[in-house]
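Following: one structure in structure tokens, then a few remarks.
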Amino acid sequence: MATTDLNKFRSDIDSIDKQLVELFNQRAKIVLEIGRYKQQNHMAVYEPKREAVVFANVASHNNGPLPDEELATIYTAILAAMRRLQSPDILERS
């Protein structure tokens, strides 16, 4: 593999990372709205049943090569970050 090939792969990764950041922020905006709704309706931030649905949905759309277990690890971190966005102190600032 030539260095130019490696640079092309890295450029492709950088482009994908940019898209992922944009998508994570789109998701976060919706999560903030959900957090406001939950706060107004005195609902818990953490909903284990909903998170189970998210994990199942992610796994059902996975065609690899990333194993489901690795996606679950990634989504565990994503959902934890999204839950933190729904905390009252963060909702007040947004």
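The values are calculated or read from the model by the stated rules, or taken from the named source; none is laboratory data. What you see is a predicted model, and the numbers here were worked out from it, not measured in a lab. FYI the Cβ positions are ideal-geometry reconstructions off the backbone, even for glycines, and counts take in every protein chain you see.
Conditions (1) under 21 Å from residue 87 (Cβ atoms); (2) over 14 Å from the mean Cα position of the chain (by Cα); (3) modelled with pLDDT of 95 or more; (4) surrounded by 12 or more Cβ atoms within 10 Å (Cβ to Cβ), marked per residue:
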| position | (1), (2), (3), (4) |
| --- | --- |
| 26 | yes, no, yes, no |
| 49 | yes, yes, yes, no |
| 54 | yes, no, yes, yes |
| 57 | no, no, yes, no |
| 65 | no, yes, yes, no |
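Looking at region 70-87 only, could you name the residues that are under 18 Å from residue 29 (Cβ atoms), more than 9 Å from the chain's Cα centre (by Cα) and not small (Gly, Ala, Ser)?
83, 84, 85, 86
Evaluate region 15-23: report whether one residue or more is closer than 16 Å to residue 85 by Cβ and either hydrophobic (A, V, I, L, M, F, W, C) or surrounded by 10 or more Cβ atoms within 10 Å (Cβ to Cβ) (or both).
yes
Mind listing whichever residues of region 41-69 are of a type outside the set (Gly, Ala, Ser) and over 23 Å from residue 25 (Cβ atoms)?
41, 42, 43, 48, 49, 63, 65, 67, 68, 69
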